[in-house]
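*Asks:* Got a structure here, written out as structure tokens. Questions coming.
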Amino acid sequence: MGKIKFGTDGWRGVIADDFTFDNVAKVAQAIADYYQTRPERKKGLAIGYDTRFLSREFAEEVAQVLAGNGLSVMLSPEDIPTQCVSFAITHKNLAGGVMITASHNPPKFNGVKIRGSFGGSAPPETTNAIESFLDKHQVKKISLREAEKKGLLKKEDLVSSYLQKVESFLDMDLIKKAHLKIIHDPMYGTGDSFVEKILASSKCEVITIHHKYNPGFGGINPEPIEENLEDLKRTVIKEGADLGVATDGDADRLGIVDNEGRYLTPHQVFSLLLLYLVEEKNLRGGVVKTVSLGYQPERIAREFNLSLDEVPVGFKYVCDKMQEKDILFGGEESGGYGFRGYLMERDGILSGLLFVEMITRISSLLSAILKQMEDRFGASFFKRIDFAEAKVNKPEMIKKLSSPPYSTLGGIPIRRTKTIDGVKFFMEDDSWLLIRPSGTEPKVRVYAEASSQSQLDRIIEEGVKMAREAI
């Protein structure tokens, strides 16, 4: 079973190569074996799936195996965002959940995300335990019809109660007064129609592009980063819209385009959400961000005397910190954000709707809100470059990057380095460079942030060279 390995958030594989019905059944059997050892097994599990090729059928395969092992299953009758599964787990007091999705990965991939009883990504000890059960026992499964007959399978709407949860977190009185034109790009994913449903009671006009169903995702990866959002940027300008919202394949990540058709980086989005929560909504608590996020949130946290923690890349690490401390807001550079009192899960739908609330409350254009924030906390120019590299020895790479006497980057002296995930170099002027192998794809990622475009270009160019030399 060398091919099945859980990464940053679950197991992902290439459809018809390693992601096959046989292998999915083996993973489902390992999940069943794991839950047989758990006291909460009688509570059952929720299963959801995205819009990818054969996702529904893979989800049904998982349901048949779990039911074949005597576990009760709540299966969504339609494709849904990952956070619907997460909410169902906590709302229905279930043992956990399984989501068939490869999230933002290219169309040829599919995957299995596992959610714990708290409604967030299963921790490494859980996924390691599940891995240890792979191929231990023969796959046992029964048909969906038999499972229903035995009372082990129930097809249940996991959307309606989730929508109520989202609304409970928003200022719906304010949202009802919102009068904005919004373009939503679900990127052919499961987020289609969710923004419209929640804004149906408002005066907003929502125009959706890239409706599902398209298993090829229109020839792009369903990841809400700038290079994939040219259609959204163009449509915002063409329609004279106030806001562009993009959600990824399983709708847990967010991309934002402002009223000028400008893509906002996750650093700007994270900072705008944080500032909105503390300044406009007057909330207080800690902040947690992954090592791939930048300096604006640190400056905002200092200004408002908030604790700030930095964790490895992967929302599960944000989640861990949110369970451990009083964290108001947490997030990652890939566009996933989590909120205290909500779910132990990122949610692109809720995060996007908070921008609707923000623009309405402040009564200003998003471009102006961004400018005011950057006037106070400094401008942010960010870039990430990925390049394919199948066989990276992560410890060796980190050792190589840490050992040379790098003293400057982009002509700026290096102040310190951090190695909690890859190697992050901090410069004297707060600019930084991070080099790390991906946890979900065979790639090396190089990230940099600086206060000017020219400085950013210099740092990222040097960073790519350093990364290639260290492989």
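*Asks:* Within region 289-300, how many residues turn out to be within 23 Å of Ile369 (Cα to Cα), surrounded by 19 or more Cβ atoms within 10 Å (Cβ to Cβ) and out of contact with any Ser or Thr (no Cβ under 7 Å at 6 or more places or on another chain)? Explain how you work it out, then say what you get.
*Replies:* To start, the set of residues in region 289-300 that are within 23 Å of Ile369 (Cα to Cα) comprises 289, 293-300.
Checking which are surrounded by 19 or more Cβ atoms within 10 Å (Cβ to Cβ) leaves us with 289, 293-297, 300.
Adding the requirement that they be out of contact with any Ser or Thr (no Cβ under 7 Å at 6 or more places or on another chain) leaves 289, 293, 295.
Matching residues across region 289-300 total 3.
*Asks:* I'm checking my understanding of the structure. Among residues of region 190-209 that are surrounded by fewer than 21 Cβ atoms within 10 Å (Cβ to Cβ) and not aliphatic (A, V, I, L, M), which one is farthest from Asn110 (Cα to Cα)?
*Replies:* Lys203
*Asks:* So, of the residues in region 373-396 that are charged (D, E, K, R) and assigned to a strand (DSSP E or B), which turns out to be surrounded by the fewest Cβ atoms within 10 Å (Cβ to Cβ)? Break it down stepwise before answering.
*Replies:* Restricting attention to region 373-396, the residues satisfying the condition of being charged (D, E, K, R) are 374-376, 383-384, 386, 389, 391, 394, 396.
When the remaining residues are screened for being assigned to a strand (DSSP E or B), the result is 383-384, 386.
On the way: Lys383: 17, Arg384: 18, Asp386: 13.
Among residues in region 373-396 that are charged (D, E, K, R) and assigned to a strand (DSSP E or B), the one surrounded by the fewest Cβ atoms within 10 Å (Cβ to Cβ) is Asp386.
*Asks:* While we're looking at this one, here's another question. Determine whether region 182-189 contains at least one residue that is out of contact with any Lys or Arg (no Cβ under 9 Å at 6 or more places or on another chain) and surrounded by fewer than 17 Cβ atoms within 10 Å (Cβ to Cβ).
*Replies:* So far as region 182-189 goes, no, none of its residues is out of contact with any Lys or Arg (no Cβ under 9 Å at 6 or more places or on another chain) and surrounded by fewer than 17 Cβ atoms within 10 Å (Cβ to Cβ).
*Asks:* Further, regarding this structure: Pick from Leu180, Leu153: which is over 28 Å from Glu441 (Cα atoms), touching a residue at least 40 places away in the same chain (Cβ under 8 Å) and not assigned by TED's automatic domain parsing to the domain that holds Pro81? Steps first, please.
*Replies:* Numbers: Leu153 fails: not assigned by TED's automatic domain parsing to the domain that holds Pro81.
Sole residue among the options that is over 28 Å from Glu441 (Cα atoms), touching a residue at least 40 places away in the same chain (Cβ under 8 Å) and not assigned by TED's automatic domain parsing to the domain that holds Pro81: Leu180.
*Asks:* Now, a different point. If only one of Glu156, Glu205, Glu196 is more than 22 Å from the chain's Cα centre (by Cα), within 25 Å of Thr265 (Cα to Cα) and among the acidic types (Asp, Glu), which one is it? Break it down into steps so the answer makes sense when it comes.
*Replies:* Values: Glu156 fails: within 25 Å of Thr265 (Cα to Cα); Glu196 fails: more than 22 Å from the chain's Cα centre (by Cα).
Selected residue: Glu205, the only one of Glu156, Glu205, Glu196 that is more than 22 Å from the chain's Cα centre (by Cα), within 25 Å of Thr265 (Cα to Cα) and among the acidic types (Asp, Glu).
*Asks:* Test each condition in (1) among the aromatic types (Phe, Trp, Tyr); (2) more than 23 Å from the chain's Cα centre (by Cα); (3) at pLDDT 95 or above for Trp432 and report the one that comes out false.
*Replies:* Trp432 satisfies every listed condition except (2).
*Asks:* Next up: Which of (1) out of contact with any helix residue (DSSP H, G or I) (no Cβ under 7 Å at 6 or more places or on another chain); (2) within 24 Å of Gly422 (Cα to Cα) does Gly330 not meet, given it meets every other one?
*Replies:* Going through (1) out of contact with any helix residue (DSSP H, G or I) (no Cβ under 7 Å at 6 or more places or on another chain); (2) within 24 Å of Gly422 (Cα to Cα) one by one, Gly330 breaks only (1).
*Asks:* Looking at this structure, is Ile142 in a loop (DSSP other than H, G, I, E, B) and in the same structural domain as Glu60 (by TED's automatic domain parsing)? Before the answer, list the steps.
*Replies:* Values: in a loop (DSSP other than H, G, I, E, B): yes; in the same structural domain as Glu60 (by TED's automatic domain parsing): yes.
So Ile142 fits the description; yes.
*Asks:* State all residues of region 229-246 that are in a helix (DSSP H, G or I), closer than 22 Å to Thr51 by Cα and touching a Gly at 6+ places or on another chain (Cβ under 8 Å); if no residue qualifies, say none. First the steps, then the outcome.
*Replies:* Taking region 229-246 first, the residues in a helix (DSSP H, G or I) are 230-239.
The next check asks that each one be closer than 22 Å to Thr51 by Cα; those that pass are 230-232.
Selection gives Leu232 alone.
*Asks:* Does Leu153 satisfy the criteria of being within 30 Å of Asn282 (Cβ to Cβ), surrounded by 15 or more Cβ atoms within 10 Å (Cβ to Cβ) and modelled with pLDDT of 95 or more?
*Replies:* Numbers: within 30 Å of Asn282 (Cβ to Cβ): no; surrounded by 15 or more Cβ atoms within 10 Å (Cβ to Cβ): yes; modelled with pLDDT of 95 or more: yes.
For Leu153, the condition - within 30 Å of Asn282 (Cβ to Cβ), surrounded by 15 or more Cβ atoms within 10 Å (Cβ to Cβ) and modelled with pLDDT of 95 or more - is not met.
*Asks:* Okay, next question. Report yes if Gly378 is in contact with a helix residue (DSSP H, G or I) (Cβ under 8 Å, 6 or more places away or on another chain) and under 19 Å from Arg445 (Cβ atoms), otherwise no.
*Replies:* Numbers: in contact with a helix residue (DSSP H, G or I) (Cβ under 8 Å, 6 or more places away or on another chain): yes; under 19 Å from Arg445 (Cβ atoms): no.
Taking the combined requirement at face value, the residue does not satisfy it.
*Asks:* Considering each residue of region 208-228, count those that are on the phi > 0 side of the Ramachandran plot, in contact with a strand residue (DSSP E or B) (Cβ under 6 Å, 6 or more places away or on another chain) and not in a loop (DSSP other than H, G, I, E, B), and give that number.
*Replies:* To start, the set of residues in region 208-228 that are on the phi > 0 side of the Ramachandran plot comprises 210, 217-219.
From the residues that got through so far, the ones that are in contact with a strand residue (DSSP E or B) (Cβ under 6 Å, 6 or more places away or on another chain) too are 210.
With the extra rule that they be not in a loop (DSSP other than H, G, I, E, B), the set shrinks to none.
Residues that pass the stated criteria total 0.
*Asks:* Would you check if there is a residue in region 108-128 being modelled with pLDDT under 95, surrounded by fewer than 20 Cβ atoms within 10 Å (Cβ to Cβ) and hydrophobic (A, V, I, L, M, F, W, C)?
*Replies:* Looking through region 108-128, at least one residue is modelled with pLDDT under 95, surrounded by fewer than 20 Cβ atoms within 10 Å (Cβ to Cβ) and hydrophobic (A, V, I, L, M, F, W, C).
*Asks:* List the number of the failed condition for Ala147; all other conditions in (1) closer than 27 Å to Phe315 by Cα; (2) in contact (Cβ under 8 Å) with a residue 60 or more places away in the chain; (3) outside any loop (DSSP other than H, G, I, E, B); (4) among the small types (Gly, Ala, Ser) hold.
*Replies:* Failed condition: (1).
*Asks:* Here's a follow-up. Check off (1) touching a residue at least 12 places away in the same chain (Cβ under 8 Å); (2) on the phi > 0 side of the Ramachandran plot for Gly13 and give me the number that stays unchecked.
*Replies:* Just one mismatch for Gly13, condition (2).
The values are calculated or read from the model by the stated rules, or taken from the named source; none is laboratory data. Predicted model only: the values in this text are computed from it and were never measured. FYI the Cβ positions are ideal-geometry reconstructions off the backbone, even for glycines, and counts take in every protein chain you see.
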